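J.: The structure is given below, and queries will be raised subsequently.
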Amino acid sequence: MAERVDFDIEEIRNFGRDVEAFTQEAEDIVGRMNAALTTVRETWQDRQIDKAAESIVEANASIMRSVNEIYPLVCDFLRRQEEFIADWESI
């Protein structure tokens, strides 16, 4: 069974870099959306934006909550994969 195990450490590392890039992009998008929302709130006098703004803030918070929950799990998984491969190769 062990002879069927095939790991590509570079593939695992690339996945880690992709997750890191995704996390940074999500943080950047949420930051830009919040900044745009702040600008709209400051320049528009119409109260009709209040409910939409509240929904945007809630959506942004939900996105970041999801990213912040999954990111440590993925990092831990990748760390364990690298440790497993290092152990495997040392046998």
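J.: To the nearest 20 debye, what is the magnitude of the charge dipole of the chain about its Cα centre, counting +1 on the Cβ of each Lys and Arg and -1 on the Cβ of each Asp and Glu?
T.: Once rounded to the nearest 20, the dipole reads 560 debye.
J.: If you don't mind, another one. 222 nm [θ] for the chain, helices only, -39500 (n - 2.57) per DSSP H run of 4+, per residue, to 500?
T.: Per the formula, -31000 deg cm²/dmol.
J.: While we're on this one: Treating each Cα of the stretch 4-67 as an identical point scatterer and ignoring solvent, apply the Debye formula and state log10 I(q)/I(0) at q = 0.11, 0.13, 0.23 Å⁻¹.
T.: Debye output, listed in q order: -0.42, -0.51, -0.94.
J.: Which FRET efficiency value, to the nearest 0.05, do you get for Glu69 and Val40 by plugging their Cβ-Cβ distance into 1/(1 + (r/R0)^6) with R0 = 22 Å?
T.: With a Förster radius of 22 Å, E is 0.15.
J.: Another one. Step through the residues of the stretch 72-83 one at a time and calculate ³J(HN,Hα) from phi using the Karplus curve (6.51 cos²θ - 1.76 cosθ + 1.60, θ = phi - 60°), rounding each to whole Hz and writing x for Gly and Pro.
T.: Karplus values, whole Hz, x for Gly and Pro: x, 5, 5, 4, 5, 4, 5, 4, 5, 5, 5, 5.
J.: Run through every distinct alpha carbon pair of the stretch 46-91 and return the Kirkwood hydrodynamic radius in angstroms, one decimal place.
T.: Every distinct Cα pair counted, the radius reaches 13.5 Å.
J.: While we're here: Which one, Ser90, Ile29, Ile12, is farthest towards the positive end of the dipole of the chain when Lys and Arg carry +1 and Asp and Glu -1 on their Cβ?
T.: Of the options given, the answer is Ile29.
J.: Provide the FRET efficiency to the nearest 0.05 for the Ala53-Glu82 pair, computing r from the beta carbons and using R0 = 41 Å.
T.: The computed FRET efficiency comes out at 0.40.
J.: A further question follows. Are there GluC sites (Glu not before Pro) in the stretch 37-88 that DSSP puts in a loop and that have at most 15 other Cβ atoms within 10 Å, and which ones?
T.: Sparse-neighbourhood loop GluC sites (Glu not before Pro): none present.
Values in this text are rule-based calculations from the coordinates and carry no lab data. Just so it is clear, the structure is predicted and the values come from calculations on it, not from any experiment. A quick note on method: Cβ atoms are made from the backbone with ideal geometry, for glycine too, and the neighbour counts reach across all protein chains shown.
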